[in-house]
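J.: Please read through the structure below; I'll follow up with questions.
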Amino acid sequence: MSDATGLSGQAEARMFGGRTTLLVWLPIAAITALHYGTSHELDWAHDVLRRMYYLPIVAAAFRHGLRGGLGAALLTSLVYLPHAFAIGQHHHDPAGGLEKALEILLYNAVGGTAGYLAELERRRRRELQAALREQQRLVAQLVQAGRLSALGEVVAGIAHEIKNPLHALAGTAEVIDPLIPVEAEERGLWEIHRKEIDRLSRICERFLSFARPGPSELVRLDLRRVAERTAELTRAEAAQKQVRLELALPPEPVLVRGDADQLAGLALNIAVNAFKALGPRGGVLRVAVAVRGGEASLILENDGPPLPEVERARLFAPFYSDSQGTGLGLSIAARIAEQHGGSIVAENAGLGVRFTLLLPGADA
């Protein structure tokens, strides 16, 4: 109730703000003063002044819609009425009674019609803006999907070519390993050699995971369970890094078609990036699920520093990373979302930075 009252008070303040006062209320007052101060013998002046009221009425309608148009028309009617029908006074409007009554009626008709049309135009404009934003999002999603698909083919070929000699090196290392004594001086260098082979192998596997994610087993599932699993997987690291973990779930099931393991891995990738962004100071990580229309959302918010616009534009680009690593975590998450017919949006909102996985809802 208090929120509604506050909004109503703000609307009234705008109705009587400086610009509206200048365009609507002062002109009505000025026209009225001229009307009352003009002799009834100057009937042409009264005709002009009577019609000049339409200008501030239409201005109020365009600025404040139906409420503004009717408000200005009602005020005009009230201030004009004594002047119109005060017969016998020297400064009354000399026009016929029927003409003046119709004029008052027209004030309100014009105010209401202009206000309604102004609100209709604003509503259409908002709908068009929303449709344009959705179109831009879909175009960006298609462009990103095309880039990822093309790059995936290249990465797959490179990773495959690297893995062949790696297998040979790993096999050779297994044969040579027993020949180097543990106490030998060269053993330390040999251990570095073996670890680097293992690291290269893991990097190749990561490249292949980006290029060709495993097939998704799409089944009907409750997105709330994915959020709960994400919270469980991140709870230990959150406690270690002094991050308060919050879980916000709706009471009713939010059904989607998806692969629970892949979706949990996607959310975990985003959570890991959130921990890096929060750093040693700790903070808050909120995992939430929402549904709107036919679309379900898995939301991960953190109160870390906002994303610079340049970084936000490249966030899901392969190999983009401001820290150690291959820079493929969020790219793989984007590929998984694409496989599920959805998308990921990163924005500065909510607690600070919000990642939203959008998925089509499962048919009932």
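The values are calculated or read from the model by the stated rules, or taken from the named source; none is laboratory data. Everything quoted here is computed from the prediction, not taken from an experiment. Glycine gets a Cβ as well: all are built from the backbone with ideal geometry, and neighbour counts include every protein chain shown. For accessibility, only protein heavy atoms count, side chains too; no ligands or nucleic acids. Shrake-Rupley method; radii C 1.70, N 1.55, O 1.52, S 1.80 Å.
J.: Return the aspartates and glutamates within reach of Lys195: Cα separation strictly under 16 angstrom, same-chain partners fewer than 8 residues apart disregarded; answer none if there are no such residues.
T.: Glu174, Asp177, Glu186, Glu205
J.: Which FRET efficiency value, to the nearest 0.05, do you get for Tyr116 and Ala248 by plugging their Cβ-Cβ distance into 1/(1 + (r/R0)^6) with R0 = 51 Å?
T.: That pair, Tyr116 with Ala248, gives E of 0.80.
J.: Could you work out how far apart the two model spin labels at Glu228 and Glu295 are, taking each label as a point 7 Å from the Cα in the direction of the beta carbon, and quote it in nm?
T.: 2.7 nm
J.: Another question, then. Going 7 Å from the Cα of Gln240 toward and past its Cβ, which residues in segment 336-364 have a backbone nitrogen under 18 Å from where you end up?
T.: Counting backbone N atoms under 18 Å from the label point, the list is empty.
J.: Here is a further query. Rounded to the nearest percent, how much of the accessible area of segment 220-267 (1.4 Å probe, protein heavy atoms only) is carbon and sulfur?
T.: About 50 percent, which is the carbon plus sulfur part of the accessible surface.
J.: Quote the FRET efficiency, to the nearest 0.05, computed for Asp198 versus Arg125 with a Förster distance R0 of 41 Å and r equal to the Cβ-Cβ distance.
T.: Efficiency for this residue pair is about 0.10.
J.: If contacts are Cα pairs under 8 angstrom and at least 6 residues apart, what is the relative contact order of segment 175-301 in percent?
T.: With pairs under 8 Å counted, the relative contact order is 25 percent.
J.: Something else now. Quick one: how many Å² of Ile299 are accessible to a 1.4 Å probe, rounded to 10?
T.: 30 Å²
J.: A further question on this structure: Under a 1.4 Å probe, what is the accessible area of segment 226-304 per residue, stated in Å²?
T.: The answer is 48 Å² per residue.
J.: Where in segment 69-132 are there trypsin sites (Lys or Arg not before Pro) that are in a DSSP coil and have at most 10 other Cβ atoms within 10 angstrom of their Cβ?
T.: Of the trypsin sites (Lys or Arg not before Pro), not one in the loops of segment 69-132 has a Cβ with at most 10 other Cβ atoms within 10 Å.
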